Amino acid sequence: MKITSYNVTDVSYHYIGLRVIAGLSAVARREEQITTISHSILKYVNDRALRFMLPEPRGTFDTIGEKVCQELVHFKFARLARGAYELTDMGQYALDVLNQRKHAELRRLMIDVHLQTYDNLRMIVQKHLEVGAIWQPIVDAVRLGNEEYIQSLLEPTFGSETDIVLKEISVKLHGMSSKKVENLLRERVLQKIFFGDSVNVALFRSICDRLISLRLLNTRKISRQHCDFLKNYSPCTLTAPLDAWHVRLDVRLIDNESFTIYLSEPDFTNKETLTRLKKVIDEVLATLTPYGGYYDLPEVRDIVCEQLKIPEAAFDEGVNYLLELTPSPLTTGLRYENISARRKPLVRPGEPLQLYNLIRRV
């Protein structure tokens with residue numbers, strides 16, 4: 001089966017769906033369940049944007065409830081019976097794990113059903129692991145007419161074939177807006193990476209967002225030869241790594257085939273793992289320029305995650321553990337500039353001021 005949903009970008013939407021179905025299965029019809037899920041997801045997205053000081057999300061999310069229910073059926077977490085959705089035994093198990101806050105177990109379950117259910121999602125994960133990284137060009141409108149600039153945007157993907165590709169698309173570039181040029185370049189990148197398989201730009205973006213929420217992918221903005229890119233890579237591996245925090249998951253596919261992946265699940269209650277994180281943070285800070293003694297936390301997160309091959313969310317968990325030490329080796333601060341969906345601040349639970357995007361060594 002291929003995933004086709006453009007707006008189910010966060011696995012948390014499925015968790016909302018599980019809770020709504022469990023709460024309404026005995027008293028509500030399908031239409032009411034779907035509407036409640038849509039409204040609950042809209043509230044979740046708006047609350048998250050407010051919490052992270054991000055712009056208010058666009059759209060009404062009217063159709064997302066039905067898509068979430070359809071996917072829960074695909075995962076065998078739910079079924080339609082007597083005019084309403086109800087949880088299966090597997091769905092009830094997923095809900096129990098969610099309510100018990102067994103986060104690592106829940107992630108493994110959700111990763112397993114995603115990789116098992118969706119062929120194109122699994123293919124995107126596998127390609128990231130095989131090629132190492134996928135470089136998505138970010139086009140600067142001011143430099144749009146510079147052929148050498150366009151060539152530099154293509155070079156990380158096409159290497160020695162860049163001149164050939166540039167000649168093929170040069171006619172199409174004339175008169176295009178920067179956004180359309182960006183989409184065209186990203187389309188060619190995806191064609192190169194996935195060749196025979198059809199992966200369009202919008203669906204690729206949506207699937208990547210979901211993979212980030214599953215901790216199977218990281219995305220960072222990076223500059224190369226004076227050009228900007230979104231660099232996608234996976235913190236996981238296909239073969240047994242040296243790091244103890246990479247744990248094996250065997251996904252059972254159809255026809256008794258299997259897909260093996262080593263998930264990156266660092267445990268920062270482990271003193272050795274926490275010490276390693278602190279050491280790499282120190283090394284990274286030594287290479288960066290401070291702002292009033294502080295360093296940009298999202299930039300530190302990007303570099304440390306790629307060096308250690310850990311998910312972005314795991315980095316935040318590890319930093320929170322370091323901040324809880326007495327004395328803490330780190331201190332944090334906040335500035336309101338440059339907060340975005342790709343540059344989220346660190347959340348500190350249980351404090352009046354919860355957001356931080358500056359960090360420094362004590």
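Taking the conditions exactly as written (part of a helix (DSSP H, G or I) and buried (at least 16 other Cβ atoms within 10 Å of the Cβ)), does residue 5 satisfy them or not?
On the way: part of a helix (DSSP H, G or I): no; buried (at least 16 other Cβ atoms within 10 Å of the Cβ): yes.
No, not satisfied.
Are any residues in region 283-318 out of contact with any Pro (no Cβ under 8 Å at 6 or more places or on another chain) and part of a loop (DSSP other than H, G, I, E, B), and if so, which ones?
Those that are out of contact with any Pro (no Cβ under 8 Å at 6 or more places or on another chain) and part of a loop (DSSP other than H, G, I, E, B): 286, 287, 288, 289, 290, 292, 293.
Residues 246, 226: which one is within 25 Å of residue 141 (Cβ to Cβ) and either surrounded by 13 or more Cβ atoms within 10 Å (Cβ to Cβ) or not assigned by TED's automatic domain parsing to the domain that holds residue 341 (or both)?
None of the others qualify; the one that does is 226.
Within region 208-229, is even one residue touching a Phe, Trp or Tyr at 6+ places or on another chain (Cβ under 6 Å), closer than 19 Å to residue 9 by Cβ and small (Gly, Ala, Ser)?
The answer is no, given that none of the residues of region 208-229 is touching a Phe, Trp or Tyr at 6+ places or on another chain (Cβ under 6 Å), closer than 19 Å to residue 9 by Cβ and small (Gly, Ala, Ser).
Filter region 183-195 down to the residues that are over 16 Å from residue 130 (Cα atoms) and without any contact (Cβ under 8 Å) to a residue 24 or more places away in the chain and list them by number.
183, 184, 187
Check region 170-178 and report whether any residue there is in contact with a Ser or Thr (Cβ under 8 Å, 6 or more places away or on another chain) and of a type outside the set (Val, Ile, Thr).
If we filter region 170-178 for residues that are in contact with a Ser or Thr (Cβ under 8 Å, 6 or more places away or on another chain), which is where we start, we get none.
No, region 170-178 contains no residue that is in contact with a Ser or Thr (Cβ under 8 Å, 6 or more places away or on another chain) and of a type outside the set (Val, Ile, Thr).
Can you pull out the residues in region 304-329 that are touching a residue at least 40 places away in the same chain (Cβ under 8 Å) and either surrounded by fewer than 20 Cβ atoms within 10 Å (Cβ to Cβ) or of a type in the set (D, E, K, R) (or both)?
Just the residues of region 304-329 that are touching a residue at least 40 places away in the same chain (Cβ under 8 Å), to begin with: 305-306, 308-314, 317-319, 321-322, 329.
Of everything in region 304-329, those that are touching a residue at least 40 places away in the same chain (Cβ under 8 Å) and either surrounded by fewer than 20 Cβ atoms within 10 Å (Cβ to Cβ) or of a type in the set (D, E, K, R) (or both) turn out to be 306, 309, 312, 313, 317, 321, 322, 329.
Being polar (S, T, N, Q), in a loop (DSSP other than H, G, I, E, B) and either outside the structural domain of residue 130 (by TED's automatic domain parsing) or within 16 Å of the chain's Cα centre (by Cα) (or both) is the requirement here; does residue 219 meet it? If you could, list the steps in order and put the result at the bottom.
Working: polar (S, T, N, Q): yes; in a loop (DSSP other than H, G, I, E, B): no; either outside the structural domain of residue 130 (by TED's automatic domain parsing) or within 16 Å of the chain's Cα centre (by Cα) (or both): yes.
Here the answer is no, as residue 219 does not meet what is asked.
Output the number of residues of region 190-215 satisfying the condition of being within 22 Å of residue 112 (Cα to Cα) and touching a strand residue (DSSP E or B) at 6+ places or on another chain (Cβ under 8 Å).
The number of residues fulfilling the criteria is 3.
Hey, residue 171 hits all of (1) free of Cβ contacts under 8 Å to residues at least 40 places away in the same chain; (2) touching a strand residue (DSSP E or B) at 6+ places or on another chain (Cβ under 7 Å); (3) not in a loop (DSSP other than H, G, I, E, B) but one; which does it fall short on?
Tallying (1) free of Cβ contacts under 8 Å to residues at least 40 places away in the same chain; (2) touching a strand residue (DSSP E or B) at 6+ places or on another chain (Cβ under 7 Å); (3) not in a loop (DSSP other than H, G, I, E, B), residue 171 fails exactly one: (2).
Restricting the search to region 42-68, which residues are among the small types (Gly, Ala, Ser) and at pLDDT below 95? Walk me through it before giving the result.
The first filter runs over region 42-68 and keeps only residues among the small types (Gly, Ala, Ser), leaving 49, 59, 65.
The answer is 49, 59.
If I filter region 125-142 down to residues being under 15 Å from the mean Cα position of the chain (by Cα) and of a type in the set (Val, Ile, Thr), which single residue comes out as nearest to residue 220 (Cα to Cα)?
This residue is 134.
Quick one: would you say residue 117 is surrounded by 13 or more Cβ atoms within 10 Å (Cβ to Cβ), touching a His at 6+ places or on another chain (Cβ under 7 Å) and modelled with pLDDT of 95 or more? Lay out the reasoning, then the answer.
Working: surrounded by 13 or more Cβ atoms within 10 Å (Cβ to Cβ): yes; touching a His at 6+ places or on another chain (Cβ under 7 Å): yes; modelled with pLDDT of 95 or more: yes.
Yes, satisfied.
Condition first: of a type in the set (Val, Ile, Thr), touching a strand residue (DSSP E or B) at 6+ places or on another chain (Cβ under 9 Å), assigned by TED's automatic domain parsing to the domain that holds residue 324 and free of Cβ contacts under 8 Å to residues at least 24 places away in the same chain. Now tell me which residues in region 249-292 satisfy that.
Just the residues of region 249-292 that are of a type in the set (Val, Ile, Thr), to begin with: 251, 254, 260-261, 269, 273, 275, 280-281, 284, 287, 289.
Among the residues that remain, those that are also touching a strand residue (DSSP E or B) at 6+ places or on another chain (Cβ under 9 Å) are: 251, 260-261, 281, 284, 289.
After this cut, where a residue has to be assigned by TED's automatic domain parsing to the domain that holds residue 324 as well, the list is 281, 284, 289.
The answer is 284, 289.
Of the residues that sit in region 23-41 and are modelled with pLDDT of 95 or more and of a type in the set (A, V, I, L, M, F, W, C), which one is surrounded by the fewest Cβ atoms within 10 Å (Cβ to Cβ)?
For region 23-41, the residue satisfying everything is 41.
Quick one: how many residues across region 152-175 are in contact with a helix residue (DSSP H, G or I) (Cβ under 7 Å, 6 or more places away or on another chain) and more than 21 Å from residue 232 (Cβ to Cβ)? Steps first, answer last, please.
Taking region 152-175 and keeping what is in contact with a helix residue (DSSP H, G or I) (Cβ under 7 Å, 6 or more places away or on another chain), we get 153-155, 157-158, 162, 165-166, 169, 172-173.
Next, from what is left, pick out any that are more than 21 Å from residue 232 (Cβ to Cβ): 166, 169, 172-173.
Qualifying residue count, region 152-175: 4.
Among the residues of region 62-82, write down those that are part of a loop (DSSP other than H, G, I, E, B) and surrounded by fewer than 20 Cβ atoms within 10 Å (Cβ to Cβ).
Our first condition is that a residue be part of a loop (DSSP other than H, G, I, E, B); within region 62-82, this holds for 62-63, 75-77, 82.
The answer is 62, 63, 76, 82.
The values are calculated or read from the model by the stated rules, or taken from the named source; none is laboratory data. Nothing here was measured: the structure is a model prediction, and the numbers come from that model. All Cβ positions, glycine included, derive from the backbone under ideal geometry; neighbour counts span all protein chains shown.
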